[in-house]
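Colleague: Got a structure here, written out as structure tokens. Questions coming.
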Amino acid sequence: MNPGFPSPIRRALMATAIIAALTPAVSMAQAYPEKPIRLVVPYAPGAAADQLARALGDRLGQALGQPVIVDNRGGAGGTLGADNVAKSPADGYSLVLGTDASHATNLYLSKRFPYDPVENFTPVAPVAVNHIVLVVHPSLPVKTVSELIAYAKANPQALSFGSSGNGSAHHLAGELLIEKTGIRMVHVPYKGGGPAMTDLIGNSIPVLFASLATAKPHIDSGKVRVLAVVEDKRFPGLPNVPTIGETVPGYAISSWFAIFGPAGLPQPVATKLNAEINKALAQPALREMLERSGMSATGGKPMDLAALVKSELAEREKLVKGAGIEPE
């Protein structure tokens, strides 16, 4: 008998062993979920993350046959809520809507960070991009990114730019523009995008990097002027607004949302969640709602999210150190 080819008996035994090994995983995927799922939003109610979580959670709950309960646990720029899930049982009943802050930037802003963004989580699915725009007060004599750069170089002490806070994606978007162009602008951090927008409208600051959801009403009313979006692609909701990268080669930054579970989340559970999340994000009604809120649905595989976190950790470390932001 050729030992390289198993006998019929051996083949039957191998098949039986494979089926036995797969049965628990298949059974787990079929049974899950058997109770409500907690989706932690590491920000206050009403924020863009909260709106996204509730819209996605409703659809996910309908598909899975169990309610998805949004649990707002704000604090420390998203760190507290993410840490809560990192320390929860890895059974699929505690998830977090993580962000570029909670899973990349915040690591470099704290001397005693409570979790490892890679080791302490299971990536489930990318969800959406929260678009950021570069806006200016209408009195500033610039209408394009190239004109802003030229103005900043001609008036090196004249410009300041606002953001929603130190180390935020909005702050880093401004620092990246400074790094790529060599212009000088002074950063003015605010406690949130709302107060920053109020000061831009009042002409207390001339330049602001803001979430599109915050800026859109004021762009439409003419109270502020939009120059560009900061991502690498144009936003369909503002098709005539260019990206900064179209003027400044190599410029791109994004603010994103994604679903994570604790480390050790069973693969069948992660696979089932990923499939249902992607189905929900493919629904036109949800995509349109996100676009109206200044976001774009993304979706993708767990490996896509793992790669995103890895690349963002490297990029944010570089930006935070380059901006001279000291961990606290």
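The values are calculated or read from the model by the stated rules, or taken from the named source; none is laboratory data. Just so you know, these numbers come straight off a predicted model, no measurement behind them. All Cβ positions, glycine included, derive from the backbone under ideal geometry; neighbour counts span all protein chains shown. Protein only, heavy atoms only, side chains kept; ligands, DNA and RNA dropped before computing areas. Shrake-Rupley method; radii C 1.70, N 1.55, O 1.52, S 1.80 Å.
Colleague: Among the residues of the range 35-56, are any at pLDDT 90 or above, among the polar types (S, T, N, Q) and open to solvent by 40 Å² or more (accessible area, probe 1.4 Å)?
Modeller: Within the range 35-56 (the criterion being at pLDDT 90 or above, among the polar types (S, T, N, Q) and open to solvent by 40 Å² or more (accessible area, probe 1.4 Å)), the answer is yes, since at least one residue qualifies.
Colleague: Just checking, which of Ala82, Ala48, Ala53 is closer than 19 Å to His170 by Cα and in contact with a strand residue (DSSP E or B) (Cβ under 6 Å, 6 or more places away or on another chain)?
Modeller: That would be Ala48, the only listed residue that is closer than 19 Å to His170 by Cα and in contact with a strand residue (DSSP E or B) (Cβ under 6 Å, 6 or more places away or on another chain).
Colleague: Just for the range 185-211: of the residues that are farther than 18 Å from Val230 by Cα, in a loop (DSSP other than H, G, I, E, B) and not aromatic (Phe, Trp, Tyr), which one is most open to solvent (accessible area, probe 1.4 Å)?
Modeller: Lys191
Colleague: Additional query: From the list Leu273, Leu308, Leu265, exactly one residue is open to solvent by less than 20 Å² (accessible area, probe 1.4 Å) and out of contact with any Ser or Thr (no Cβ under 7 Å at 6 or more places or on another chain). Which is it? Walk me through how you get there before you give the answer.
Modeller: On the way: Leu308 fails: open to solvent by less than 20 Å² (accessible area, probe 1.4 Å); Leu265 fails: out of contact with any Ser or Thr (no Cβ under 7 Å at 6 or more places or on another chain).
Exactly one of Leu273, Leu308, Leu265 is open to solvent by less than 20 Å² (accessible area, probe 1.4 Å) and out of contact with any Ser or Thr (no Cβ under 7 Å at 6 or more places or on another chain), namely Leu273.
Colleague: For residues in the range 128-164 being among the small types (Gly, Ala, Ser) and open to solvent by 10 Å² or more (accessible area, probe 1.4 Å), which is farthest from Leu286 (Cα to Cα)?
Modeller: First, pick out the residues of the range 128-164 that are among the small types (Gly, Ala, Ser): 128, 139, 146, 150, 152, 154, 158, 160, 162-164.
From what is left, the residues that are open to solvent by 10 Å² or more (accessible area, probe 1.4 Å) are 139, 146, 150, 154, 158, 160, 164.
Working: Ser139: 37, Ser146: 35, Ala150: 40, Ala154: 45, Ala158: 42, Ser160: 37, Ser164: 26 Å.
Across the range 128-164, the extreme among qualifying residues is Ala154.
Colleague: Within the range 277-296, which residues are part of a strand (DSSP E or B) and open to solvent by less than 20 Å² (accessible area, probe 1.4 Å)?
Modeller: Answer for the range 277-296, where residues must be part of a strand (DSSP E or B) and open to solvent by less than 20 Å² (accessible area, probe 1.4 Å): just Met295.
Colleague: Another question, if that's okay. Restricting the range 228-262 to residues that are β-branched (Val, Ile, Thr) and surrounded by 22 or more Cβ atoms within 10 Å (Cβ to Cβ), which is farthest from Gly65 (Cα to Cα)?
Modeller: Taking the range 228-262 as the starting set, the residues that turn out to be β-branched (Val, Ile, Thr) are 229-230, 241, 243-244, 247-248, 253, 259.
Next, only the ones that are surrounded by 22 or more Cβ atoms within 10 Å (Cβ to Cβ) stay: 229-230, 244, 253, 259.
Values: Val229: 38, Val230: 38, Ile244: 43, Ile253: 37, Ile259: 19 Å.
Ranking the qualifying residues of the range 228-262, first place goes to Ile244.
Colleague: What is the one condition in (1) closer than 30 Å to Pro268 by Cβ; (2) part of a helix (DSSP H, G or I); (3) touching a Leu at 6+ places or on another chain (Cβ under 6 Å) that Leu319 does not satisfy?
Modeller: Condition not satisfied by Leu319: (1).
Colleague: While we're looking at this one, here's another question. Output the residue which, of all residues in the range 93-123 that are aliphatic (A, V, I, L, M) and more than 13 Å from the chain's Cα centre (by Cα), is most open to solvent (accessible area, probe 1.4 Å). Working first, answer last.
Modeller: First pass over the range 93-123, keeping only residues aliphatic (A, V, I, L, M): 95-97, 101, 104, 107, 109, 118.
Still in the list and also more than 13 Å from the chain's Cα centre (by Cα): 95, 107, 109, 118.
Values: Leu95: 5, Leu107: 56, Leu109: 39, Val118: 75 Å².
Per the stated criteria, the residue is Val118.
Colleague: Oh, and also: Would it be correct to say that Ala252 is under 17 Å from Ser211 (Cβ atoms) and under 17 Å from the mean Cα position of the chain (by Cα)?
Modeller: Numbers: under 17 Å from Ser211 (Cβ atoms): yes; under 17 Å from the mean Cα position of the chain (by Cα): yes.
Yes: the conditions hold for Ala252.
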